[in-house]
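The values are calculated or read from the model by the stated rules, or taken from the named source; none is laboratory data. No experiment lies behind these values; they were computed from the predicted model shown. Neighbour counts run over all protein chains shown; Cβ positions are idealised from the backbone, glycine included. The area values use the complete protein model at the heavy-atom level, side chains included, leaving out ligands, DNA and RNA. Shrake-Rupley method; radii C 1.70, N 1.55, O 1.52, S 1.80 Å.
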Amino acid sequence: MLTIAVSKGRIFEEALPLLASAGIIPIDDPKKCRKLILDTNQEDVKLVIIRATDVPTFVEYGAADLGIAGKDVLIEHGSENLYEPLDLKISTCRLMTAAHVDAPPIGKRIRVATKYVKTAQHYFAAQGIQAEIIKLYGSMELAPLVGLADCIVDLVDTGNTLKANNLEPRDFIMSISSRLIVNKASMKKKHQVIQRLINQMAEAVARQN
Ligand code: ATP
Ligand code: PRP
(Lines give C-alpha, C1' and ligand atoms only; values in the text may rest on other atoms or scores of the structure.)
(Ligands and ions follow the chains in the order given, each with its own letter.)
Protein backbone atom coordinates (compact mmCIF):
# COMPACT_ATOMS: atom_id res chain seq x y z
CA MET A 1 0.00 0.00 0.00
CA LEU A 2 1.19 3.53 -0.85
CA THR A 3 -0.52 6.60 0.60
CA ILE A 4 0.00 10.12 -0.73
CA ALA A 5 -1.11 13.16 1.32
CA VAL A 6 -2.31 16.13 -0.70
CA SER A 7 -4.46 19.19 0.01
CA LYS A 8 -7.54 19.86 -2.07
CA GLY A 9 -7.82 22.97 -4.18
CA ARG A 10 -4.95 24.52 -6.06
CA ILE A 11 -2.26 21.92 -5.27
CA PHE A 12 -4.55 18.96 -5.96
CA GLU A 13 -5.61 20.37 -9.34
CA GLU A 14 -2.06 21.14 -10.42
CA ALA A 15 -0.69 17.82 -9.10
CA LEU A 16 -3.24 15.71 -11.02
CA PRO A 17 -1.32 15.64 -14.34
CA LEU A 18 1.93 14.85 -12.52
CA LEU A 19 0.32 11.99 -10.60
CA ALA A 20 -1.23 10.77 -13.86
CA SER A 21 2.21 10.65 -15.43
CA ALA A 22 3.17 8.24 -12.65
CA GLY A 23 0.08 6.19 -13.52
CA ILE A 24 -2.00 7.40 -10.55
CA ILE A 25 -5.53 8.62 -11.29
CA PRO A 26 -7.95 9.30 -8.41
CA ILE A 27 -11.39 7.76 -8.83
CA ASP A 28 -13.26 10.35 -6.74
CA ASP A 29 -13.19 14.12 -7.11
CA PRO A 30 -12.51 15.77 -3.71
CA LYS A 31 -14.55 18.81 -4.84
CA LYS A 32 -17.63 16.63 -5.17
CA CYS A 33 -17.28 14.01 -2.46
CA ARG A 34 -16.62 14.26 1.26
CA LYS A 35 -14.30 11.24 1.38
CA LEU A 36 -10.95 11.90 3.06
CA ILE A 37 -9.23 8.81 1.65
CA LEU A 38 -9.59 8.60 -2.12
CA ASP A 39 -9.22 5.39 -4.09
CA THR A 40 -7.22 5.54 -7.28
CA ASN A 41 -7.07 3.43 -10.42
CA GLN A 42 -4.33 1.46 -8.63
CA GLU A 43 -5.76 -0.71 -5.88
CA ASP A 44 -2.70 -0.27 -3.64
CA VAL A 45 -2.40 3.55 -3.98
CA LYS A 46 -4.61 5.90 -1.93
CA LEU A 47 -4.72 9.69 -1.69
CA VAL A 48 -5.28 11.24 1.74
CA ILE A 49 -6.98 14.64 1.43
CA ILE A 50 -5.94 17.04 4.20
CA ARG A 51 -5.28 20.72 4.87
CA ALA A 52 -2.14 22.06 3.23
CA THR A 53 -0.50 22.81 6.58
CA ASP A 54 -1.10 19.25 7.84
CA VAL A 55 0.65 17.49 4.94
CA PRO A 56 4.21 17.49 6.45
CA THR A 57 2.86 16.21 9.78
CA PHE A 58 1.13 13.21 8.19
CA VAL A 59 4.25 12.34 6.17
CA GLU A 60 6.67 12.88 9.05
CA TYR A 61 4.75 10.44 11.27
CA GLY A 62 4.38 7.90 8.46
CA ALA A 63 0.59 8.28 8.30
CA ALA A 64 1.26 8.92 4.61
CA ASP A 65 4.30 7.63 2.68
CA LEU A 66 4.45 10.65 0.44
CA GLY A 67 2.97 14.12 0.30
CA ILE A 68 2.76 17.24 -1.81
CA ALA A 69 3.24 20.51 0.07
CA GLY A 70 4.20 24.13 -0.59
CA LYS A 71 7.74 25.18 0.31
CA ASP A 72 6.16 27.87 2.54
CA VAL A 73 4.46 25.16 4.60
CA LEU A 74 7.59 22.97 4.68
CA ILE A 75 9.86 25.77 5.89
CA GLU A 76 7.39 26.85 8.56
CA HIS A 77 6.91 23.23 9.69
CA GLY A 78 10.64 22.42 9.68
CA SER A 79 11.31 19.58 7.28
CA GLU A 80 14.47 17.95 8.65
CA ASN A 81 12.58 14.71 9.35
CA LEU A 82 11.42 14.39 5.76
CA TYR A 83 12.98 13.77 2.38
CA GLU A 84 12.22 16.39 -0.24
CA PRO A 85 13.37 14.73 -3.47
CA LEU A 86 11.52 16.76 -6.08
CA ASP A 87 10.47 20.34 -6.86
CA LEU A 88 7.17 19.87 -8.71
CA LYS A 89 7.24 23.50 -9.92
CA ILE A 90 3.48 23.86 -9.38
CA SER A 91 1.55 26.42 -7.27
CA THR A 92 4.39 28.87 -7.68
CA CYS A 93 4.29 32.21 -5.91
CA ARG A 94 6.48 34.45 -3.73
CA LEU A 95 6.60 34.98 0.01
CA MET A 96 6.74 38.74 0.54
CA THR A 97 6.25 41.48 3.05
CA ALA A 98 3.39 43.82 2.17
CA ALA A 99 2.07 47.05 3.62
CA HIS A 100 -0.56 49.71 2.95
CA VAL A 101 0.25 51.76 -0.17
CA ASP A 102 0.45 54.92 1.99
CA ALA A 103 2.51 53.34 4.80
CA PRO A 104 6.12 54.50 5.32
CA PRO A 105 9.01 52.13 4.54
CA ILE A 106 9.26 49.19 6.95
CA GLY A 107 11.09 50.46 10.05
CA LYS A 108 13.38 48.85 12.63
CA ARG A 109 10.62 48.12 15.18
CA ILE A 110 7.44 46.78 13.64
CA ARG A 111 4.34 44.68 14.20
CA VAL A 112 3.81 41.95 11.63
CA ALA A 113 0.73 39.80 11.06
CA THR A 114 1.28 36.43 9.42
CA LYS A 115 0.59 32.73 9.54
CA TYR A 116 4.31 32.14 8.86
CA VAL A 117 5.52 32.97 12.37
CA LYS A 118 8.86 31.14 12.39
CA THR A 119 9.75 32.12 8.83
CA ALA A 120 8.94 35.77 9.56
CA GLN A 121 10.88 35.76 12.84
CA HIS A 122 13.90 34.34 11.07
CA TYR A 123 13.63 36.79 8.16
CA PHE A 124 13.29 39.96 10.26
CA ALA A 125 16.03 38.86 12.68
CA ALA A 126 18.38 38.45 9.71
CA GLN A 127 17.45 41.98 8.57
CA GLY A 128 18.19 43.40 12.04
CA ILE A 129 14.53 44.38 12.42
CA GLN A 130 12.79 44.01 15.79
CA ALA A 131 9.50 42.43 14.80
CA GLU A 132 6.58 41.59 17.05
CA ILE A 133 4.82 38.78 15.23
CA ILE A 134 1.05 38.34 15.51
CA LYS A 135 -0.11 34.90 14.40
CA LEU A 136 -3.20 34.87 12.20
CA TYR A 137 -4.97 31.91 10.64
CA GLY A 138 -7.07 33.75 8.03
CA SER A 139 -6.85 36.79 5.75
CA MET A 140 -3.69 38.57 6.76
CA GLU A 141 -4.44 41.40 4.34
CA LEU A 142 -6.94 42.79 6.80
CA ALA A 143 -4.38 43.41 9.56
CA PRO A 144 -2.72 46.60 8.21
CA LEU A 145 -6.13 47.99 7.20
CA VAL A 146 -7.49 47.91 10.74
CA GLY A 147 -4.31 48.88 12.58
CA LEU A 148 -3.47 45.39 13.86
CA ALA A 149 -0.05 45.37 12.21
CA ASP A 150 2.34 47.59 10.23
CA CYS A 151 2.85 44.94 7.60
CA ILE A 152 2.15 41.33 6.73
CA VAL A 153 4.16 38.37 5.48
CA ASP A 154 2.07 36.50 2.92
CA LEU A 155 2.09 34.77 -0.44
CA VAL A 156 1.83 36.87 -3.56
CA ASP A 157 1.11 35.57 -7.05
CA THR A 158 -0.68 38.05 -9.33
CA GLY A 159 -0.71 40.74 -6.63
CA ASN A 160 -4.48 41.14 -7.14
CA THR A 161 -5.38 40.38 -3.52
CA LEU A 162 -2.98 43.04 -2.24
CA LYS A 163 -4.12 45.58 -4.83
CA ALA A 164 -7.80 45.00 -4.05
CA ASN A 165 -7.06 45.90 -0.43
CA ASN A 166 -4.87 48.98 -0.99
CA LEU A 167 -1.75 47.05 -0.08
CA GLU A 168 1.49 46.67 -2.03
CA PRO A 169 4.31 44.13 -2.01
CA ARG A 170 7.45 45.44 -0.30
CA ASP A 171 10.31 42.98 0.26
CA PHE A 172 10.82 39.64 -1.45
CA ILE A 173 11.51 36.86 1.05
CA MET A 174 11.62 33.70 -1.08
CA SER A 175 10.25 31.91 -4.13
CA ILE A 176 7.69 29.20 -3.38
CA SER A 177 6.64 26.06 -5.25
CA SER A 178 5.20 22.72 -4.21
CA ARG A 179 7.49 19.82 -3.38
CA LEU A 180 7.15 16.06 -3.26
CA ILE A 181 8.01 14.89 0.25
CA VAL A 182 8.69 11.35 1.46
CA ASN A 183 8.65 9.68 4.87
CA LYS A 184 12.18 8.49 5.70
CA ALA A 185 11.19 4.96 6.77
CA SER A 186 8.90 4.54 3.73
CA MET A 187 11.78 5.54 1.46
CA LYS A 188 13.75 2.58 2.82
CA LYS A 189 10.92 0.03 3.06
CA LYS A 190 9.23 0.86 -0.25
CA HIS A 191 12.29 2.12 -2.08
CA GLN A 192 11.65 0.62 -5.50
CA VAL A 193 8.06 1.77 -5.90
CA ILE A 194 8.73 5.25 -4.45
CA GLN A 195 11.87 5.78 -6.54
CA ARG A 196 9.94 4.81 -9.68
CA LEU A 197 7.21 7.31 -8.80
CA ILE A 198 9.81 10.06 -8.18
CA ASN A 199 11.47 9.34 -11.53
CA GLN A 200 8.19 9.39 -13.45
CA MET A 201 7.06 12.61 -11.81
CA ALA A 202 10.49 14.19 -12.40
CA GLU A 203 10.20 13.40 -16.10
CA ALA A 204 6.72 14.95 -16.20
CA VAL A 205 7.97 18.10 -14.42
CA ALA A 206 10.81 18.40 -16.94
CA ARG A 207 8.36 18.00 -19.84
CA GLN A 208 6.02 20.66 -18.40
CA ASN A 209 8.83 23.18 -18.01
P1 ATP B 1 -4.83 26.07 4.84
O2 ATP B 1 -6.04 25.30 4.35
O3 ATP B 1 -3.89 25.21 5.61
O4 ATP B 1 -5.13 27.37 5.49
P5 ATP B 1 -4.44 27.42 2.36
O6 ATP B 1 -5.87 27.81 2.36
O7 ATP B 1 -3.38 28.49 2.30
O8 ATP B 1 -4.03 26.42 3.53
P9 ATP B 1 -4.15 26.80 -0.37
O10 ATP B 1 -4.67 28.15 -0.66
O11 ATP B 1 -4.70 25.61 -1.10
O12 ATP B 1 -4.23 26.43 1.14
O13 ATP B 1 -2.59 26.88 -0.61
C14 ATP B 1 -1.81 25.74 -0.62
C15 ATP B 1 -0.42 26.09 -1.10
O16 ATP B 1 -0.49 26.65 -2.41
C17 ATP B 1 0.31 27.14 -0.26
O18 ATP B 1 0.96 26.54 0.84
C19 ATP B 1 1.27 27.72 -1.26
O20 ATP B 1 2.43 26.92 -1.38
C21 ATP B 1 0.48 27.66 -2.57
N22 ATP B 1 -0.26 28.91 -2.86
C23 ATP B 1 -1.07 29.60 -2.03
N24 ATP B 1 -1.58 30.69 -2.62
C25 ATP B 1 -1.09 30.71 -3.86
C26 ATP B 1 -1.28 31.56 -4.98
N27 ATP B 1 -2.04 32.65 -4.92
N28 ATP B 1 -0.66 31.25 -6.12
C29 ATP B 1 0.11 30.16 -6.20
N30 ATP B 1 0.33 29.31 -5.17
C31 ATP B 1 -0.25 29.56 -4.02
C1 PRP C 1 -3.47 33.15 -1.43
C2 PRP C 1 -2.62 34.04 -0.53
C3 PRP C 1 -2.98 35.43 -0.97
C4 PRP C 1 -3.36 35.22 -2.44
C5 PRP C 1 -2.30 35.79 -3.30
O6 PRP C 1 -4.76 33.09 -0.95
O7 PRP C 1 -2.88 33.82 0.84
O8 PRP C 1 -4.06 35.95 -0.24
O9 PRP C 1 -3.46 33.81 -2.68
O10 PRP C 1 -2.58 35.57 -4.66
P11 PRP C 1 -2.64 36.80 -5.69
O12 PRP C 1 -1.37 37.57 -5.52
O13 PRP C 1 -2.72 36.14 -7.04
O14 PRP C 1 -3.85 37.61 -5.38
P15 PRP C 1 -5.80 32.01 -1.53
O16 PRP C 1 -6.26 32.38 -2.88
O17 PRP C 1 -5.20 30.64 -1.41
O18 PRP C 1 -6.95 32.17 -0.51
P19 PRP C 1 -6.98 31.56 0.96
O20 PRP C 1 -5.59 31.59 1.53
O21 PRP C 1 -7.94 32.48 1.65
O22 PRP C 1 -7.47 30.15 0.78
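Take the alpha carbon gyration tensor of region 23-110, find the square roots of its eigenvalues, order them as a ≥ b ≥ c, and report rounded if a/c is under 1.5; if not, report prolate when a/b exceeds b/c, else oblate.
In terms of gyration-tensor shape, prolate.
Jot down the per residue volume, in cubic angstrom and as a whole number, of the convex hull over the alpha-carbon atoms of the chain.
Dividing the Cα hull volume of the chain by its residues yields 125 Å³.
Can you give me the long-range amide H partners of ARG170? Hydrogens built in the peptide plane at 1.01 Å from N, cutoff under 5 Å, separation of 5 or more residues or another chain.
The list, which skips near neighbours in sequence, is THR97, ALA98, ALA99.
What is the total of Lys pairs in region 1-102 with C-alpha atoms under 22 Å apart, excluding same-chain pairs fewer than 8 positions apart?
10
With a 1.4 Å probe and every protein chain left in place, work out the accessible area per residue of the chain in Å², rounded to a whole number.
53 Å²
Just to confirm the number: angle between the C-alpha axis of helix 117-126 and the first principal axis of the chain, 0 to 90 degrees, nearest 10?
60 degrees
Angle, helix 10-21 long axis vs. longest principal axis of the chain, Cα atoms, 0 to 90°, nearest 10?
Around 30 degrees separate the two axes.
Roughly speaking, to the nearest percent, how much of region 44-117's 1.4 Å accessible area is carbon and sulfur?
50 percent
With loop defined by DSSP as not H, G, I, E or B, and exposure as at most 10 other Cβ atoms within 10 Å, which is the longest segment of the chain clear of exposed trypsin sites (Lys or Arg not before Pro)?
Maximal segment without exposed cleavage sites: 109-209.
What residues qualify as long-range amide H neighbours of LEU2, i.e. H under 5 Å apart, gap of 5 or more or another chain, H built at 1.01 Å from N?
Placed amide hydrogens put VAL45, LYS46 under 5 Å from LEU2.
Among the chymotrypsin sites (Phe, Trp or Tyr not before Pro) in region 119-176, which ones are in a DSSP loop with at most 15 other Cβ atoms within 10 Å of the Cβ? Mind listing them?
Listed in order of number, the matching sites are TYR137.
Could you give the size of the charge dipole of the chain about its Cα centre, using +1 on the Cβ of each K and R and -1 on the Cβ of each D and E, expressed in debye and rounded to the nearest 20?
So the dipole magnitude of the chain works out to roughly 220 debye.
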